[in-house]
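S.K.: Submitted below is the structure of interest, expressed as structure tokens.
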Amino acid sequence: MSKLSIIAIDDDPIQLELYKDIFKESPYNLVYTSTNGDSLPIFLSENKVDIALLDIEIASQSGFKLAEHINQYYKNIKIVFISNHKSFALDAYNFYPLDYIVKPVDVFRLFQTLTRVNYVNKDDLRVGVKTSTGYLLIKKDEINFIGKTIRKTTIHLTTGELIESNEKLEILEAKLAKHGFYRIHKSYLVNLERVKKIQKDEFMNSYNLVLIDSKESLPVSKHRIKGLKDLIFSEFSF
């Protein structure tokens, strides 16, 4: 298996030297380092990259700006944010990173995160769903969210297709809770990998979820927002 290629942008030269040291004899190739990332777009256009380690606060531009460029043009690159502050974590989630690690970098934690890249595209879990005509197997990664009304449960797929199920939302929650799904509301079970951002509604003093590649904006129950935040933060390293 060929080594995965890593780029690292950090305005601290000492941190970049640390990366060079820890990746020297590892299953990874550190192919690009920079204190500002100004030449990153050109490098990405000419080289294959698997993982980007991005500092958030850098001199010439923010790590979020670099992440935006990567997500727009190189969706296959996995992003790991590195920061001195925990406070950027919720904003970082808008870029659906693989992890968010607070400095000083725990090397063991970093390698744990990088190991996940080898498996991130291998999750082919399917969930069995009862419909009016029998049972249907659906890949979990194809599910945006599941909603319920008084009489039916509807599975909203990433393709825009809607599948009606005879199963209660509670049953589907039990099947999917261990696989990255969260009950944000009595009527909605969401695939957290499909969350683009969490928006606060100042007028209503509430929160809504916006999903990737979707016009859907789903309400988060007030008594579930803390659990949602805790779950999001648990995906990161502090």
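S.K.: Can you compute the modelled spin-label distance between Glu170 and Lys65, with each label point 7 Å from Cα toward Cβ, in nm?
M.R.: Rounded to a tenth, the inter-label distance reads 5.1 nm.
S.K.: Which ³J(HN,Hα) values, rounded to whole Hz and listed in residue order, are derived for segment 31-45 from phi using the Karplus coefficients 6.51, -1.76 and 1.60 in 6.51 cos²θ - 1.76 cosθ + 1.60 with θ = phi - 60°, glycine and proline given as x?
M.R.: Result, rounded to whole Hz: 9, 7, 9, 7, 8, 9, x, 4, 8, 4, x, 5, 4, 5, 6.
S.K.: Pop out the Kirkwood hydrodynamic radius of segment 53-153 from its pairwise C-alpha distances, inverse of mean 1/r, in Å to one decimal.
M.R.: Value: 16.4 Å, from the Cα pair sum.
S.K.: Give me the number: length gained by fully extending Lys200 to Ser221, i.e. 0.36 nm times residue separation minus the C-alpha to C-alpha distance, one decimal in nm.
M.R.: Result for the pair: 6.4 nm of gain on full extension.
S.K.: Would you mind working out the accessible area per residue for the chain, using a 1.4 Å probe, and quoting it in Å²?
M.R.: I get 56 Å² per residue for this part.
S.K.: Same structure again: On a 0 to 90° scale, report how tilted helix 13-22 is relative to the longest principal axis of the chain, with both axes built from alpha carbons and the result rounded to the nearest 10.
M.R.: 80
S.K.: Moving on to the next point. Near the amide H of Tyr207, under 5 Å away, which other amide H atoms are found, from residues 5 or more places off or on another chain, if H is placed in the peptide plane?
M.R.: Asp201, Val220
S.K.: Moving on. Give Lys78/Lys175; Lys139/Lys197; Lys186/Lys222; Lys48/Lys140; Lys140/Lys200; Lys75/Lys197 a once-over and call out the pairs whose C-alpha atoms are over 20 Å from each other.
M.R.: Lys78/Lys175; Lys139/Lys197; Lys48/Lys140; Lys140/Lys200
S.K.: Expressed in nm to one decimal, what extension gain is obtained for the pair Asn47 and Arg151 from 0.36 nm per residue of sequence separation less their Cα-Cα distance?
M.R.: Here the answer is 32.2 nm.
S.K.: I've got another one for you. Taking Cα centroids, how far is segment 136-206 from segment 82-120 in Å?
M.R.: One Cα centre to the other: 25 Å.
S.K.: Apply the Karplus curve 6.51 cos²θ - 1.76 cosθ + 1.60, θ = phi - 60°, to the phi angles in segment 47-52 and return the couplings in whole Hz, x for Gly and Pro.
M.R.: 9, 7, 10, 9, 9, 10
S.K.: Compute the long axis of helix 63-73 from its Cα atoms, compare it with the longest principal axis of the Cα atoms of the chain, and write down the angle in degrees, 0 to 90, nearest 10.
M.R.: Once rounded, one gets 70 degrees.
S.K.: Under 17 Å from the Cα of Lys130, which aspartates and glutamates turn up, not counting those fewer than eight places away in the same chain?
M.R.: Partners found: Glu142, Glu161, Glu164, Glu167, Glu170, Glu173.
S.K.: Using only the alpha carbons, work out the radius of gyration and Dmax of segment 27-74 in angstrom.
M.R.: In Å, with Rg to one decimal and Dmax whole: 10.5, 31.
S.K.: Would you look at the GNM of the chain, springs on alpha carbons closer than 10 Å, and say which of Phe108, Phe64, Phe145 moves the most?
M.R.: Phe108
S.K.: Within 10 Å, count the other beta carbons around each residue, average over each peptide in 129-137, 166-174, and list them highest first.
M.R.: Highest mean packing first, the order is 166-174, 129-137.
S.K.: Over all alpha-carbon pairs in the chain, figure out the percentage whose distance exceeds 35 Å.
M.R.: 21
S.K.: Here is a follow-up. With a point put 7 Å past each Cα toward its Cβ, work out how far Glu25 is from Thr159 in nm, to one decimal.
M.R.: 5.0
S.K.: Roughly how many nanometres apart are two label points built 7 Å out from the Cα toward the Cβ at Phe108 and Glu17?
M.R.: So the label points at Phe108 and Glu17 sit 2.6 nm apart.
S.K.: Nearest 5 is fine: what % of DSSP beta bridges in the chain come out antiparallel, could you say?
M.R.: 60
The values are calculated or read from the model by the stated rules, or taken from the named source; none is laboratory data. Quantities reported herein were computed from a predicted structural model and do not represent experimental measurements. We place every Cβ from the backbone using ideal geometry, glycine too, and count neighbours over all the protein chains shown. For the accessible areas, the whole protein counts, side chains as well, though only heavy atoms, and no ligand, DNA or RNA atoms are used. Shrake-Rupley method; radii C 1.70, N 1.55, O 1.52, S 1.80 Å.
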